[in-house]
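Colleague: Please read through the structure below; I'll follow up with questions.
Just so you know, all these numbers are worked out from the coordinates, no wet-lab data involved. Here the structure is a predicted model, which means the values were calculated and not measured. Cβ atoms come from the backbone with ideal geometry, glycine included; neighbour counts cover every protein chain shown.
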Amino acid sequence: MKSSNLAPILQPRWNTKIVASKNAGKSDIIPIGRARKDQASTLRGAGNEPAPASSVRAIAVSGGKGGTGKSVIAANLAVAYAERGSRTLALDADLGMADLNLLLGLAPGHSLLDVMEGTPIDQVLIEAHGIHVLPALNGSFPLANINEETRHRLFEAVDTLDDRFDTLVIDTAPGIADNTVNFAAAASEIIVVITPESLSLADAYSCLKALHHRVGLTRAMVLPNKIRRPSDGDELFDRLASVVNRFLGISLTPLPPIPFDPQMAESNEEGVPLLVYNPDAPASRAIRQVARRIEALARPEDRQGGVRLFLRRTFDKTEKEAGG
Ligand SMILES: Nc1ncnc2c1ncn2[C@@H]1O[C@H](COP(=O)(O)OP(=O)(O)OP(=O)(O)O)[C@@H](O)[C@H]1O
Ligand SMILES: [Mg+2]
């Protein structure tokens with residue numbers, strides 16, 4: 001099924017009554033169909049060593065469409081976790097745009113690429129606003145081409161991070177390029193951001209479809225953003241869930257919606273996360289609620305977290321696709 005066929009279903013239908021409201025933000029897991037492939041076994045098979053146990057929760061902020069708010073959500077969610085006492089690392093997996101750095105007022109001199117070339121990881125990590133940021137790689141970096149020695153150096157460098165952090169928040173690039181999908185797929189949990197803007201749902205569907213077919217994704221959280229009326233969040237979630245229910249076997253969990261908040265743009269311009277710029281702004285409060293909700297949700301039993309494991313999954317998946 002081509003996503004263009006979904007256009008009539010996924011275009012805005014403001015006047016259509018939704019039959020099954022899932023009450024975004026109130027209900028928890030909504031089981032939707034069966035997966036074609038088991039996500040765990042697909043990814044377990046991708047590693048060549050046993051998975052190291054880690055309690056790091058790796059959360060990727062994803063969604064096919066550009067401009068839905070992935071980067072501001074990743075930045076502010078990371079700050080929300082830090083406020084809750086979690087040692088938090090934000091990984092910028094969209095270096096092409098380097099949005100996360102700009103949003104946090106940073107100008108990093110190094111990235112994961114330098115770590116591969118031998119720069120100590122502590123010279124690459126940047127601390128700001130109570131969190132650490134690890135600038136990663138841009139979407140077109142040929143991950144599949146790096147040699148065994150470089151890989152080893154990278155994994156050794158990131159090994160120490162699992163003891164130093166509790167939460168890893170990954171900001172991904174728009175679109176469904178290989179690296180983007182692989183970064184998202186390597187996380188233990190995925191948030192797909194949707195907005196009332198036209199095509200947002202069709203792009204979210206394409207993103208879920210790519211993750212389902214390419215890496216056997218079986219579950220995702222859905223976060224409605226830039227919401228102007230409280231009921232719009234539920235409606236957007238329901239429209240996406242009804243199509244995903246029909247065509248993909250993915251369990252979707254609604255997260256509490258984030259309102260459209262003009263202070264978001266102001267905080268971006270200042271290079272300060274909204275949670276710091278105005279802790280009481282409506283979107284700040286909503287993002288804290290999202291963090292609380294994710295924390296309250298059961299962690300997927302079959303998905304170990306961990307920074308090292310996360311990167312290894314990303315690399316192994318890319319290598320497999322390249323026939324390596
Ligand atoms: N809740 C919100 N209220 C108001 N504006 C918002 C909200 N969320 C995001 N924005 C604005 O939307 C724009 C895009 O946000 P952001 O850069 O985070 O999107 P993105 O999904 O990361 O984009 P890209 O796909 O290009 O990386 C920014 O100008 C940001 O200030
Ligand atoms: Mg972004």
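Colleague: Among 79-85, 67-73, how do they line up from the highest to the lowest mean number of other beta-carbon atoms within 10 Å?
Modeller: Final packing ranking: 67-73, 79-85.
Colleague: If the chain between residue 280 and residue 123 were fully stretched, how many nm would it gain, using 0.36 nm times the residue separation less the Cα-Cα distance?
Modeller: 53.1 nm
Colleague: Gain in length, residue 153 to residue 87, computed as 0.36 nm per residue apart minus the alpha-carbon separation, to one decimal in nm? Don't jump to the answer; show the numbers that get you there.
Modeller: Values: separation 66, 0.36 × 66 = 23.76 nm, distance 2.40 nm.
Here the segment from residue 153 to residue 87 would lengthen by 21.4 nm.
Colleague: Okay, next question. According to the square roots a ≥ b ≥ c of the eigenvalues of the Cα gyration tensor, what is the shape class of region 196-313, taking rounded for a/c under 1.5, prolate for a/b larger than b/c otherwise, and oblate for the remainder? Walk me through the intermediate numbers first.
Modeller: Details: a/c = 1.94, a/b = 1.33, b/c = 1.46.
Verdict is oblate for region 196-313.
Colleague: Once label points are set 7 Å from the Cα along Cα→Cβ at both residue 299 and residue 177, what is their separation, rounded to one decimal in nm?
Modeller: 3.1 nm
Colleague: Sticking with this structure for a sec: Sort 221, 116 so the one with the fewest other Cβ atoms within 10 Å of its own Cβ comes first. Intermediate results must be reported in sequence, preceding the final value.
Modeller: Numbers: 221 21, 116 18.
If I rank by nearby Cβ atoms, fewest first, I get 116, 221.
Colleague: How big is the gap, in Å, between the Cα center of region 168-182 and the Cα center of region 247-301?
Modeller: The two parts, judged by their Cα centres, are 18 Å apart.
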